[in-house]
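Data first, discussion second: the structure below is written as structure tokens.
The values are calculated or read from the model by the stated rules, or taken from the named source; none is laboratory data. None of the values given here were measured: they were computed from a predicted structure. Heads up, the Cβs are rebuilt from the backbone with ideal geometry, glycines too, and the neighbour counts pull from every protein chain shown. Calculation scope for accessible area: heavy atoms of the full protein, side chains included, ligands and nucleic acids excluded. Shrake-Rupley method; radii C 1.70, N 1.55, O 1.52, S 1.80 Å.
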Amino acid sequence: MRLRLLFPGRRGRAGFSGLIGGARLALPLSLLGLALAGLALLLAGLALSACGSSDRASTKPALPPAHAPSAARQPPFVKDARGGLAIGLSEANANLLLALTTPVPAGFEPARAALTTLHPAYVRVAVDWAAVQPSAGAPAAFDTPTSGCARQTGPCATYAGLRAELHAIATQQRSGRGFQPLVVIFDAPRWAAVAPSGCLHAGVSAGARLINARGLDGYRQLVLSLLALGRRERVALNLWSPWDEPNQPLFISPQRTHCAKTAPLVSPAIYTKLARTLAVTLRNAGSDHQLVLGDLADFPKPRAQVGGIGEFVAALPQDVICSARIWAQHEYPKPGAPHGVPGGVRALERALDARGACGARARIWVTETGVGAPRSGQPRDLTPAGLAAECRLMSQVLSSWYRDTRVDAAFQYSFREDPSFQVGLADAALTRLYPVYHLFEAWAGMRKPSGAPAPLPPACS
């Protein structure tokens, strides 16, 4: 979810503080910078020794043919009989995503090292269509400079938008496995959307309005442009989600024919057009791409301006249901709910089971989760007791998904905290790690299913 939502769903300091073993550790950037520089030199030396006389840092390989995959494909994680849970991450800042072998501005060094330590299996790449292609007469611009701030909070360091983000992911992939992108598109440009009508939520932007015929063709061209960008940056874009949170009005609006929770949904018809367009485009581009359907907002029950998970899935045509083996659901733990779980995953499982064999076989990824203040604009409890409690809550929920034989992955949203959606692993100023970071570090370190959930770190006790 984007941080403009009204529904639950988004200069450097002199030192960096982390929570290790329940104690706070502050390291001066000068000392930590020396340590990171040494580690970078060591990694670079290992890379050179493994590659003989080749110079990977200065020589870019020739691009593959247009029809070929841009890099070796990493198959999606699927649980075996002993269970398991792959960890994904949302983070767009290229300064944080770059591998340790590449220098970054000083204010980002310690946080970049902490993110790299997680080595997530997947990275969610959100593409704001309206931002990259505001004009129909111009191609999508993927290298528009981005400030690198967390809204107005530093540290800041400009990077070249989505192009730099994919380049940074590619550096991590060259340093080891993981960091496989999951592309999700949202926010239609004005030229691609119909005029406002029907049951519109207050504050809905043009990007959430229904997509017109010109927009569908533009959507196809956007996907082709993104595939070409991936080839140029040498990162494989194999996993694709058609649209973010299609069952809520700030991403597709109106949701219904009129403002009543019993009114028919119109959003599944729009999502169907997007999913079919994406499926055909990817199929024509090569066989190593696959859809991840859903990315549904956590609304188990219908509302006047919101599509319930069950009714949304029930309204999709069977060919769409059967076009993917992975479905994505968003779920943010909430104190007071049974085991802290709001019920989105369970609602999706029931909805898929009701759609026959294709739905019953589907795997589930939780592509947005996090603890703190999972409502836009709410403050996070920063007391030691509050931070430890939210970490224990997240541990309960991750363990429940670990035990669920259909849930294969959980994506933390996000690494660096947005001041308006305070569910990050590090604060917006990149001066501290929250205890929940160490929980995700423990889970991410479980590269093979062990038959038991990751233990609770001391920082969360």
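What to note about this one:
- Carbon/sulfur fraction of accessible area - region 220-341, other protein chains in place, 1.4 Å, %: 56 percent
- What region 322-461 shows is 35 Å² of accessible area per residue, with the surface traced by a 1.4 Å probe over protein heavy atoms.
- Fraction of accessible area attributable to carbon and sulfur, region 376-440 (%, probe 1.4 Å): 55 percent
- Summing charges over neighbours of residue 115, with a neighbour being any other residue whose Cβ is under 15 Å away from its Cβ, gives -2 when K and R count +1 and D and E count -1.
- Gyration tensor verdict on region 132-272 (Cα atoms; rounded if a/c is under 1.5, prolate if a/b is larger than b/c, oblate otherwise): prolate
- Among residues other than residue 194 with Cβ under 14 Å from its Cβ, the summed charge is +4 (Lys and Arg +1, Asp and Glu -1).
- Among 436-446, 353-363, 186-196, 254-264, the order from most to least packed when residues are scored by Cβ within 10 Å on average: 436-446, 186-196, 254-264, 353-363
- Charge tally around residue 363: other residues with Cβ under 10 Å, Lys/Arg +1 each, Asp/Glu -1 each, net +3.
- With the highest mean first, a sort of the peptides 104-114, 130-140 on other beta-carbon atoms found within 10 angstrom per residue produces 104-114, 130-140.
- Proximal aspartates and glutamates to residue 79, defined as alpha-carbon separation beneath 14 angstrom and excluding residues fewer than eight positions away on the same chain: 404, 408
- Shape call, region 181-223: gyration tensor on alpha carbons, a/c limit 1.5: oblate
- Too-long pairs where the Cα-Cα distance tops 26 Å, listed order kept, from 261/334; 273/334; 273/301: 273/334
- Where both bridge residues fall in region 244-380, DSSP classifies roughly 20% of the beta bridges as antiparallel.
- Burial order of peptide ranges 291-298, 142-149 (average beta-carbon count within 10 Å, highest first): 291-298, 142-149
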